[in-house]
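The values are calculated or read from the model by the stated rules, or taken from the named source; none is laboratory data. Source: prediction; values computed, not measured. A quick note on method: Cβ atoms are made from the backbone with ideal geometry, for glycine too, and the neighbour counts reach across all protein chains shown.
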Amino acid sequence: MTRRGLIALAASGSAALLLGALAFQYWGGLAPCKLCIWQRWPHGAAILIGLVGLILPLRWIAGLGALAALSTAGVGLYHVGVEQGWWEGPTTCTSGSVTGLSTQDLMAQIMTAPLVRCDDIAWSMAGISMAGWNAILSLGLAAIWIAAALRQVSSK
């Protein structure tokens, strides 16, 4: 496949993942948490980078696409860890610990709890959450971006 074809494929992959997330949100009724939103931004960047990469035959642009894909994969892996309880997520996004809280502090924590928590798995397929699928697929997209960066610039 040509460099341009690889860039188009990688950018289209990010567009598909972003559109899929929006479909789950607006048609499926699954409101995104903070970490879900954080995973969307690099996909948007990868789409824009892809458009620029199709116009300008510069190798480093594909490198930026790989960086965007690796960024969303990293956030996705972090999100999986939060979902699995391997580590705590942002305090504005998780249930947090109730150990040692007074009744008043516990009530305050309940009242300020986020509506959509990052440590809840809203949907999964084959035992893998949406964050997990985003990480897996985004790593694949990063590999495509890297392949595009390694192609000869003249092979548009």
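Worth pointing out:
- When Ser71 is tested against (1) touching a residue at least 60 places away in the same chain (Cβ under 8 Å); (2) within 19 Å of the chain's Cα centre (by Cα); (3) within 22 Å of Ala148 (Cβ to Cβ), just one condition goes unmet, and that condition is (1).
- Failed item, numbered, when Ala68 is tested on (1) at pLDDT 95 or above; (2) surrounded by fewer than 21 Cβ atoms within 10 Å (Cβ to Cβ): (2)
- Set Ala15, Ala31: member being assigned to a loop (DSSP other than H, G, I, E, B), in contact (Cβ under 8 Å) with a residue 24 or more places away in the chain and surrounded by fewer than 16 Cβ atoms within 10 Å (Cβ to Cβ): Ala31
- Options Trp41, Trp60: the member that is part of a helix (DSSP H, G or I) and at pLDDT 95 or above: Trp41
- Failed item, numbered, when Arg59 is tested on (1) surrounded by fewer than 16 Cβ atoms within 10 Å (Cβ to Cβ); (2) in contact with a Ser or Thr (Cβ under 9 Å, 6 or more places away or on another chain); (3) among the basic types (Lys, Arg): (2)
- Hits in the range 113-132 - residues which are closer than 15 Å to Gly20 by Cα and touching a residue at least 24 places away in the same chain (Cβ under 8 Å): Ala122, Trp123, Ser129, Met130, Ala131, Gly132
- Single residue of Leu48, Leu9 found to be without any contact (Cβ under 8 Å) to a residue 12 or more places away in the chain and not β-branched (Val, Ile, Thr): Leu48
- Only residues that are surrounded by fewer than 16 Cβ atoms within 10 Å (Cβ to Cβ), within 11 Å of the chain's Cα centre (by Cα) and closer than 30 Å to Thr2 by Cα were counted across the range 34-56, and they come to 2.
- Among residues of the range 106-130, those that are out of contact with any Cys (no Cβ under 9 Å at 6 or more places or on another chain) and either at pLDDT 70 or above or surrounded by 15 or more Cβ atoms within 10 Å (Cβ to Cβ) (or both), counted: 9
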